[in-house]
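Enquirer: Sending over a structure as structure tokens; questions will come in a sec.
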Amino acid sequence: MKRLLWVNSILFLSSMSIVAQENWKLMKDEDGIKVYTKHESGSDYKAFKAEMTLTCKIENIIRVLRNSQNNDDWIVNCKGVKLLKEENNDQYFYIETTLPFPFKNRDMVYHFQYIETDSGQVRVTVTGMPDFIQPKEGIVRLAKANGYWLLSSIGSEKTFITYQMHVEPGGLIPAWLANPFIVNVPFSTFKELRKIVRK
């Protein structure tokens with residue numbers, strides 16, 4: 001009995017630890033889109049997570065994500081996208097992000113890896129590769145960018161989307177200025193993605 005209680009206590013504490021690590025705070029719930037933020041360990045810059053449901057199959061969303069020719073139509077503040085390399089389920093995109101004056105634009109090469117899980121979900125990991133190409137004059141390379149898209153089928157005609165990212169912008173952008181604006185990034189991106197998927 002003591003051993004059972006000890007095991008249950010460990011499991012309870014472990015589950016509480018996982019909940020504490022998540023610690024997401026809902027910042028916006030509008031137009032079918034929920035956006036959360038949280039403090040990222042070891043960083044002054046917050047991470048975001050967005051969720052929404054689209055009436056379409058997972059394949060439709062994957063098709064949009066993989067198509068570099070229209071990515072700048074729905075990724076917010078995107079000045080341009082270029083597909084640098086593609087191998088099976090791996091893609092490497094160069095993306096330049098516009099910032100308002102007096103800040104310089106940011107850029108990064110993002111490694112997209114498409115993974116189908118045992119449960120039928122599709123997880124698209126997004127990893128920033130700051131050393132993949134040489135820095136460009138007049139543009140600040142992001143220090144770090146990591147996240148994922150998680151696509152889950154709801155029945156046969158709907159997909160639940162989770163989009164999570166944490167970015168270190170590099171340069172001289174204070175966290176107190178950047179953090180309040182990160183909610184708009186996934187919210188606007190989701191709205192534009194929804195338009196593209198419905199076309």
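The values are calculated or read from the model by the stated rules, or taken from the named source; none is laboratory data. Fair warning: this is a prediction, and the values are worked out from it, not measured in the lab. For accessibility, only protein heavy atoms count, side chains too; no ligands or nucleic acids. Shrake-Rupley method; radii C 1.70, N 1.55, O 1.52, S 1.80 Å.
Enquirer: For residue 168, enumerate residues with amide H under 5 Å from its amide H, sequence gap 5+ or separate chain, H modeled in the peptide plane.
Expert: 143, 144, 145
Enquirer: Using modelled amide H (1.01 Å from N, peptide plane; none on Pro or chain starts), what sits under 5 Å from the amide H of residue 158, excluding residues fewer than 5 places away?
Expert: Under 5 Å from the amide H of residue 158 lie the amide H atoms of 56, each far enough along the sequence or on another chain.
Enquirer: Right, something else. With a 1.4 Å probe and all protein chains left in place, how much of the accessible area of the range 136-199 comes from carbon and sulfur atoms, in whole percent?
Expert: Values: 1950 of 3330 Å².
After summing per-atom areas, the C and S share lands at 59 percent.
Enquirer: Using DSSP H assignments, which helices in the chain have an axial alpha-carbon span of 27 Å or above and a mean Kyte-Doolittle hydropathy of -0.5 or higher?
Expert: 2-22
Enquirer: The range 155-180 to the range 115-150: how many Å between their Cα centroids?
Expert: Cα centres, the range 155-180 to the range 115-150: 12 Å.
Enquirer: With a 1.4 Å probe and all protein chains left in place, how much accessible area per residue does the chain have, in Å²?
Expert: Roughly 60 Å² per residue, with all protein chains present.
Enquirer: Treating only the Cα positions of the range 36-137 as identical point scatterers, give the base-10 log of I(q)/I(0) from the Debye formula at each q in 0.19 Å⁻¹.
Expert: Evaluating at q = 0.19 Å⁻¹ gives log10 I(q)/I(0) of -1.23.
Enquirer: Along its principal axes, what span do the Cα atoms of the range 91-187 show, with the longest given first and each in whole Å?
Expert: That gives 48, 30, 17 Å along the principal axes, largest extent first.
Enquirer: Here's something else I'd like to know. Largest first and to the nearest Å, give the Cα extent of the range 50-100 along each principal axis.
Expert: Computed over the Cα atoms, the extents are 33, 30, 17 Å.
Enquirer: Sum -39500 (n - 2.57) across every DSSP H segment of at least 4 residues in the chain, then divide by the residue count to get the 222 nm mean residue ellipticity, nearest 500.
Expert: -7500 deg cm²/dmol
Enquirer: Using Cα pairs under 8 angstrom and six or more residues apart, how large is the relative contact order of the chain, in percent?
Expert: Rounded, it is 22 percent for the chain.
Enquirer: Just need the relative contact order of the range 81-172 here, percent rounded to a whole number, with Cα pairs under 8 Å and 6+ apart.
Expert: Values: 196 pairs, mean separation 18.5, N = 92.
The value is 20 percent.
Enquirer: Over the alpha-carbon set of the chain, work out the extent along each principal axis and list the three values in angstrom, largest first.
Expert: The Cα atoms of the chain stretch 67, 43, 35 Å along the principal axes, largest first.
Enquirer: A further question on this structure: Taking amide H positions as placed 1.01 Å from N in the peptide plane, with prolines and chain starts having none, which residues 5 or more places from residue 105, or on another chain, fall under 5 Å of its amide H?
Expert: Placed amide hydrogens put 99, 140 under 5 Å from residue 105.
Enquirer: Using the Karplus equation 6.51 cos²θ - 1.76 cosθ + 1.60 (θ = phi - 60°), what ³J(HN,Hα) coupling, rounded to whole Hz, does each residue of the range 105-119 give in order, writing x for Gly and Pro?
Expert: Computed from phi, the couplings for the range 105-119 are 4, 10, 9, 6, 9, 10, 8, 9, 10, 9, 10, 8, 7, 5, 8 Hz.
Enquirer: Relative contact order, percent, of the range 21-99 when contacts are C-alpha pairs under 8 Å separated by at least 6 residues?
Expert: Once normalised by length, the contact order is 16 percent.
Enquirer: With every protein chain present, what accessible area does residue 63 have (1.4 Å probe, heavy atoms only), rounded to the nearest 10 Å²?
Expert: 150
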